[in-house]
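See structure below.
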C-alpha cells in the first residue's frame, strides 16, 4: 500500500496534524509506504519525524528544493500512490490528488472539490455556518475515516542534531543558563498586525520575569521580525533579556530547539505556539482577532488568554475598528499573573517528577 498525505501550508496547522500522521503511520499495514507531500518549510517543521518513508516538496514555482507544474505531476505519478489523504481544503490540492492517479482520495468536501474525492467528509454546521470543531479533531476525523482507531490528541515534534547544535551556539553566544532557566517569548506571527501584542508590553513582561522570577528571557523572531525583537530587548533594558534578532540565519529548527529547552513559552496565536504544546512546555497564548475554539490544543499545560470582547474574533489581519482593544486592553498585569502561575506550576511538576 502506498499512501500520499498532502500536508497543510500553515505551520500551526501542520503541527495540529501530527496526531493524524501518527495515527496513519500506526494503521497502515507493515511494508506500506507513506509519502509526505508538502511545502519546503513544512519539511523543516516535521524534520526528524518517524512518519514518512519519502517526501515530495512542491511550490507554485519550481526551485532547488521544490517541484511544480509538470515536474510535480510526473513525480506524483511515479510515486504510484494507491491513496491520497488531503489535510488541505483547497481545490488545487484536490486536483493534484486526482492527477496523481491514486484510486482513493480522502478529504473534506468543500470549495467545489467534492467531485475530485472518492471518500468525502463534511464539516459540522450550525445552520449555514461552520461549527467550531477544533482543527486537531477535524484532521483526526480523516484518519478515522480510513479506519484508524482512536488516537491521542497530543501534538508531537522532533528536533534534529543540527537544530540542537544551532541552539547550543545561541545559548553560548547569548550567555543563557543551562537547564530550564529560560522563558521564550514569541512576539510575532505571519497572520497580520492584529495578532500583535504591543512591544512595550512584551518589554515590561520580560522585565518582570527576570526581576521577579530570576529567569532569562529569549525573544524569538522570524526573519521579518528582527527589528521588533531588538525593540523589545532595548525597552526591557536588562542583560538577561536577549533575542535571536542578530543571528545570521533563523531556520524553523532553531525556534523548535529553543522552545524545546525552555521552561515556558509566552506567545501570540502563531506557529511557535504549537511547538510549545508539542514539546509539552507550559504555554501562555495571547489571543486577539482569532478564536480559541478553532485551534484548541487540548493541552492541560496551555493557558489561552482572551478578553472575549464583542468584536472578537474578527479574524482580520488588521483591526477593522482601528482601536485594537483585544490586544491593547490585555494588560501586562493580566498576562504576568498567568506567567507566574505557570512558572510555579512547572516547578511543582519538576519536583514531583
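No lab work stands behind these numbers, since they all come straight from the coordinates. Given the structure is predicted, the values throughout are model-derived calculations rather than measurements. So basically every Cβ, Gly included, is an ideal-geometry build from the backbone, and we count neighbours across all protein chains shown.
Okay, here's what the table says:
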{"read-out": "Ranked packing of 332-338, 196-202, 307-313, 290-296, most packed first, by mean Cβ within 10 Å", "value": "196-202, 290-296, 332-338, 307-313"}
{"read-out": "Isotropic mean projected area of the C-alpha convex hull, the range 2-145 (nm²)", "value": "8.5"}
{"read-out": "Residue order, fewest to most beta carbons within 10 Å, for 41, 216", "value": "41, 216"}
{"read-out": "Antiparallel bridge percentage (DSSP; both residues within the chain; nearest 5)", "value": "5"}
{"read-out": "The range 106-229 - share of DSSP beta bridges that are antiparallel (%, nearest 5)", "value": "20"}
{"read-out": "Principal axis dimensions, the chain - Cα atoms, whole angstrom, descending", "value": "61, 48, 43"}
{"read-out": "D (Stokes-Einstein, µm²/s), Kirkwood Cα radius, the range 161-352, 1.002 mPa s at 20 °C", "value": "129"}
{"read-out": "Square roots of 5 times each gyration tensor eigenvalue, C-alpha, the range 187-251, largest first, Å", "value": "20, 14, 9"}
{"read-out": "Least to most buried among 262, 231 (fewest other Cβ within 10 Å first)", "value": "231, 262"}
{"read-out": "Relative contact order of the chain, pairs being alpha-carbon contacts under 8 Å that are 6 or more residues apart, as %", "value": "16"}
{"read-out": "Rounded Å value of the spacing that divides the Cα centres of the range 37-102 and the range 135-212", "value": "26"}
